[in-house]
1. So between B:Met41 and B:Thr5, what do we pick up on full extension, going 0.36 nm a residue minus the alpha carbon distance?
2. Quickly work out the A:Ser26-to-B:Asn65 label distance, labels modelled 7 Å from Cα along the C-beta direction, and quote it in nm with one decimal.
3. In square nanometres and to one decimal, what's the mean projected area of the convex hull around the Cα atoms of segment A:49-111?
4. Sketch the reach of a paramagnetic label on A:Gln9 as a point 7 Å from Cα along Cα-to-Cβ, and name the residues of segment B:76-91 whose backbone nitrogen lies under 20 Å away.
5. Label points 7 Å out from Cα along the Cβ direction at B:Asp26 and B:Ala52: separation in nm?
6. How large is ³J(HN,Hα) for each residue in segment A:49-55, as worked out from phi by the Karplus curve 6.51 cos²θ - 1.76 cosθ + 1.60 (θ = phi - 60°), to whole Hz, x for Gly and Pro?
7. Write down Rg/Rh for the protein assembly as shown, rounded to two decimals, with Rg from the C-alpha atoms and Rh from the Kirkwood relation over Cα pairs.
8. Summarise the partner chain shielding of B:105-112 as one whole number: the mean count of Cβ atoms from other chains within 10 Å of each residue's Cβ.
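The values are calculated or read from the model by the stated rules, or taken from the named source; none is laboratory data. Predicted model only: the values in this text are computed from it and were never measured. Every residue, glycine among them, receives a Cβ derived from its backbone with ideal geometry; neighbour counts consider all protein chains shown. When the accessible area is computed, the model is the full protein with side chains, heavy atoms only, and any ligands, DNA or RNA have been set aside. Shrake-Rupley method; radii C 1.70, N 1.55, O 1.52, S 1.80 Å.
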Amino acid sequence: GQQLNQSPQSMFIQEGEDVSMNCTSSSIFNTWLWYKQDPGEGPVLLIALYKAGELTSNGRLTAQFGITRKDSFLNISASIPSDVGIYFCAGLGTSGSRLTFGEGTQLTVNP
Amino acid sequence: NAGVTQTPKFRILKIGQSMTLQCAQDMNHNYMYWYRQDPGMGLKLIYYSVGAGITDKGEVPNGYNVSRSTTEDFPLRLELAAPSQTSVYFCASSPPRDIQNIQYFGAGTRLSVL
């Protein structure tokens, strides 16, 4: 089946720093989604990307759909303590309605 | 708006017991999904459904069963609980694929099998 490699697995940063994480795959995806999971909660959608090369922002978050359709990145600028959580990428392949999820990036922000 | 509602939030089972995890959505979504999330891991798809009366296996279906008698409800059944089924279970729903592919998640059911 399709697999997504998400990196890094975890990040420990100081408040105010910028963060970058990415997902790569050997397969082509039609859609890339980025979710955030707060402790004890379900994932919540942050950004959705539907076209190769698309660059989309949501406040301090920016995500891009790679030109090759095999990768995506998420940047967080000027991190704040409430950015703490697990960030997941997810891709929708060409063959159906099932999302493939990355393993997640655990973000810790020190005040 | 309720969105996706999962019950119970927490449950402890003994080995061999059975239980049903409930999931309901009020967004008239056709597609519904069940995932499990093990500690420090991503989401693994257990079962999914593209509409009432239709269900399909995901990556890790063994030990689980589902049914989809209505658009709103998608219960997940564990018949003989095993310690390996200790996990957090998430239900999700999405509109039909040709409109958008975004999945909306419930808050999860935390299950321990002892």
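1. Numbers: separation 36, 0.36 × 36 = 12.96 nm, distance 2.27 nm.
Residue separation times 0.36 nm, minus the Cα-Cα distance, leaves 10.7 nm.
2. Each label point is offset 7 Å from its Cα along the Cβ direction, giving 3.7 nm.
3. 4.9
4. Under cut-off, by backbone N: B:87-88.
5. Each label point lies 7 Å from its Cα, and together they span 1.8 nm.
6. Going residue by residue, I get 10, 10, 10, 4, x, 5, 10 Hz, with x marking Gly and Pro.
7. Details: Rg = 17.5 Å, Rh = 18.0 Å.
Rg divided by Rh gives 0.97.
8. Working: counts 7, 3, 3, 5, 0, 1, 0, 0.
Per-residue shielding by partner chains comes out at 2.
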